[in-house]
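Chemist: Quick one: structure below, then a few questions.
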Amino acid sequence: MEGILEFFNNNLYIIYLLIFTIILGFEIISKVPTVLHTPLMSGANAISGVVIIGAIILIRQAQSDDYFTLGAGTLAVVLGMINVVGGFAVTDRMLEMFKKKK
Amino acid sequence: MVLTSIINLSYLLGALAFVVGLRRLSSPDTARRGNLLAALGMSIAIIASMIYPFSNADNNYIWIGGGLIAGTLIGLVAARRVQMTDMPQMVSIFNGLGGACAVVLAMIELVQFYGGVAKSTQELVVIVLALLIGAVAFTGSILAYLKLDGKVSDSQVTLPSHSLINNLLLIITLGLSIYLCVTGGSLFIALLLMAIALIYGFSFVAPIGGADMPVVISLLNSFTGLSAAAAGLIYNNNIMLIGGILVGASGTILTVLMCQAMNRSLFNVLIGGFGGNAATSKAQLGEQVAREVVPNDAAIQLFYSQSVMIVPGYGLAVAQAQKITKELDDLLETNGVSVQYAIHPVAGRMPGHMNVLLAEADVPYPKLLDLDDANDALPNTDVVIVVGANDVVNPAALDDPGSPVYGMPVLNVWEAKNVIVLKRSMNPGYAGIENQLFFHPRTKMLFGDAKASIQKLVSEVKGLR
């Protein structure tokens, strides 16, 4: 019990952030028309590629002769970047069509 | 110190751009700018993480730069090449790669840990979370891609008593995770955990099929977000945390919305109930004969009607028939026939899939009716053309409790005066369920590829003028 309370006190900021972001995420999406679900899913998917930031930080802090971390980290950067760039580009392509007809 | 403040401020701006971008993505007028704004936020975040001052870091910019360029090129080419009809598959693959990224990061952290870098239990928990969720999102998305692309069928990957195996895998995964976090485990345990989590992701999606695929993609999307958030906790990085949680939360709510559209619970979707008891409703069908119509008669019927409602489904996407459909639409409109489209929320393989396709063919936005508006308009519609849709127009959803689609809101097309169903053959739809609509007294069938059939209708209508 004490451990849980301690964890709560030490991570109060993170817990606040989590709760408010979750509520924000729910609120944003609950007002979206069905028409935009596919582009929205695709755009949100691109945002989930934010995991690439972790890969960049990891490589920067690695030793320059630690080839395992560098190699695997670079793989992570490539994977993350495909998700980010591909995701935003595909979303833009879809939305471009919605715009054209007006 | 100043640089650190600027960078922290940039992260804040990036996070704000994600929130505002997502918000703008929710309205047709601002959606495109919203997407660009989110992309801008991501660029800011990436640049900020590149110049953030670390003491005694080797930086290794060449490795990062190489990875960024390679990823950008692959992503751009893939996004440029993909057909609009294959969009769901593409999103699924991109999503899987994000999950894979989290898996690689978590494994690097674990390898460092076993190489002597100290980590607290709390850090281990977060790393294992990123590993597990990322792995499930990765293999799950890949299987979803294979299924959507028709490379793998449901029965090929579903084992007898599959849900039992899934539960067993889940228990083993969770048990191993707890063991690893409490005792620290070993590299072998970590690799084993990764392997089982990857298998679980595959196995988790295996029994889910048919019309439930969009729900799964949405769910896996939120998983990737959560794994990114867990990775954000590893590196104590706020923008990863916020971006990941935003996607996790929005993906979850989108998943729930889609389940509601089909009047099914998420639990029901996950155990793969769809199509499970199709046999019971098939039995009562017996020998029934569907009436066929030739293109010429169908064209005359269309030409002399007041109002036409087109119901597009996945068949339209497969046949690439969206442009020719628009041509038929224009042709009829110039002859004074009012043409509208009825869009079922789960038509196609993704919510909004049909809207994207029809937008590609320049069909004006106000012509697309949603489920409720379409059902209000249907009784006053002269002719309904069902183009490659099946389960979303199945009357069994209303009156056959034995049918797997029972309870799902459908388009009541049989309330219109005439129904013409364009279909390749009498085979049941994607969910494998028979459809009484095809034998309805008001229904006539026009067999053939959707694009070819509509092409014939277009030339017949032209001949009438």
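Chemist: Kindly indicate the residue of segment B:372-415 that is in contact with a His (Cβ under 6 Å, 6 or more places away or on another chain) and in contact (Cβ under 8 Å) with a residue 40 or more places away in the chain and also farthest from B:G209 (Cα to Cα) among those meeting that condition. Step through it out loud before you land on a result.
Modeler: Here is the first cut: in segment B:372-415, the ones in contact with a His (Cβ under 6 Å, 6 or more places away or on another chain) are B:392, B:411, B:414.
Pick out the ones that are also in contact (Cβ under 8 Å) with a residue 40 or more places away in the chain and you get B:392, B:411.
Values: B:V392: 15, B:L411: 21 Å.
So the residue we want is B:L411.
Chemist: Return the total of residues in segment A:57-95 being facing chain B (nearest Cβ under 7 Å) and of a type in the set (D, E).
Modeler: The number of residues fulfilling the criteria is 1.
Chemist: On to the next question. Name the single residue that is nearest to A:R60 (Cα to Cα) among those in segment B:55-69 being surrounded by fewer than 17 Cβ atoms within 10 Å (Cβ to Cβ) and within 7 Å of chain A (Cβ to nearest Cβ). Break it down into steps so the answer makes sense when it comes.
Modeler: Residues of segment B:55-69 surrounded by fewer than 17 Cβ atoms within 10 Å (Cβ to Cβ): B:55-59, B:61-62, B:65-66, B:69.
Among the residues that remain, those that are also within 7 Å of chain A (Cβ to nearest Cβ) are: B:57-59, B:66.
Values: B:A57: 6, B:D58: 6, B:N59: 4, B:G66: 13 Å.
Among them, the one singled out is B:N59.
Chemist: Run down B:V152, B:V117, B:V126 and say which single residue is part of a loop (DSSP other than H, G, I, E, B) and farther than 19 Å from B:P214 by Cβ.
Modeler: Checking each option against the conditions leaves just B:V117.
Chemist: (1) at the interface with another protein chain (Cβ under 7 Å from one of its Cβ atoms); (2) open to solvent by 10 Å² or more (accessible area, probe 1.4 Å): which one isn't true of A:G54, the others all being true?
Modeler: (2)
Chemist: Then there's this: Looking only at segment A:17-37, how many residues end up being at the interface with chain B (Cβ under 7 Å from one of its Cβ atoms), open to solvent by 50 Å² or more (accessible area, probe 1.4 Å), part of a helix (DSSP H, G or I) and not hydrophobic (A, V, I, L, M, F, W, C)?
Modeler: 1
Chemist: Restricting attention to segment B:359-371, report how many residues are touching a residue at least 24 places away in the same chain (Cβ under 8 Å) and within 9 Å of chain A (Cβ to nearest Cβ). If you could, list the steps in order and put the result at the bottom.
Modeler: So in segment B:359-371, the residues touching a residue at least 24 places away in the same chain (Cβ under 8 Å) come out as B:360-363, B:365, B:367-371.
From what is left, the residues that are within 9 Å of chain A (Cβ to nearest Cβ) are B:360-363, B:365, B:368, B:370-371.
Of the residues in segment B:359-371, 8 are touching a residue at least 24 places away in the same chain (Cβ under 8 Å) and within 9 Å of chain A (Cβ to nearest Cβ).
Chemist: If you don't mind, there's one more thing I want to ask. Which count do you get for residues in segment B:333-345 that are within 14 Å of another protein chain (Cβ to nearest Cβ) and open to solvent by 10 Å² or more (accessible area, probe 1.4 Å)? Explain how you work it out, then say what you get.
Modeler: Just the residues of segment B:333-345 that are within 14 Å of another protein chain (Cβ to nearest Cβ), to begin with: B:341-345.
Okay, now just the ones that are also open to solvent by 10 Å² or more (accessible area, probe 1.4 Å), so B:343, B:345.
Here the count works out to 2.
Chemist: Please specify each residue of segment B:111-133 satisfying the condition of being in contact with an Asp or Glu (Cβ under 7 Å, 6 or more places away or on another chain) and small (G, A, S).
Modeler: Of everything in segment B:111-133, nothing turns out to be in contact with an Asp or Glu (Cβ under 7 Å, 6 or more places away or on another chain) and small (G, A, S).
Chemist: Turning to a different aspect of this structure: Given the conditions (1) open to solvent by 10 Å² or more (accessible area, probe 1.4 Å); (2) more than 8 Å from chain A (Cβ to nearest Cβ), which single one is not true for B:A106?
Modeler: Every condition holds for B:A106 apart from (1).
Chemist: Using beta carbons and a limit of 6 Å, which pairs, at least six apart or on different chains, have the first residue in segment B:442-465 and modelled with pLDDT of 90 or more and the second one hydroxyl-bearing (S, T, Y)?
Modeler: As it stands, the answer is B:I454/B:T325, since those pairs meet every condition given.
Chemist: With the structure loaded, tell me whether B:K151 is farther than 23 Å from B:L193 by Cα and open to solvent by 60 Å² or more (accessible area, probe 1.4 Å) or whether it fails that test.
Modeler: Details: farther than 23 Å from B:L193 by Cα: yes; open to solvent by 60 Å² or more (accessible area, probe 1.4 Å): yes.
When the stated conditions are applied, B:K151 passes them.
Chemist: Give me a count of the residues in segment B:304-322 that are part of a helix (DSSP H, G or I) and either modelled with pLDDT of 90 or more or not assigned by TED's automatic domain parsing to the domain that holds B:G388 (or both).
Modeler: 0
Chemist: Okay, next question. Name every residue in segment B:202-251 that is facing another protein chain (nearest Cβ under 7 Å), polar (S, T, N, Q) and without any contact (Cβ under 8 Å) to a residue 40 or more places away in the chain, in order of residue number.
Modeler: none
Chemist: Continuing with the same structure: Just one of B:D330, B:D297 is of a type outside the set (G, A, S), modelled with pLDDT of 90 or more and surrounded by fewer than 20 Cβ atoms within 10 Å (Cβ to Cβ); which is it?
Modeler: B:D330
The values are calculated or read from the model by the stated rules, or taken from the named source; none is laboratory data. Model, not experiment: these values are computed from the prediction. Cβ atoms come from the backbone with ideal geometry, glycine included; neighbour counts cover every protein chain shown. What goes into the accessible areas is simple: the full protein's heavy atoms, side chains included, and nothing from ligands, DNA or RNA. Shrake-Rupley method; radii C 1.70, N 1.55, O 1.52, S 1.80 Å.
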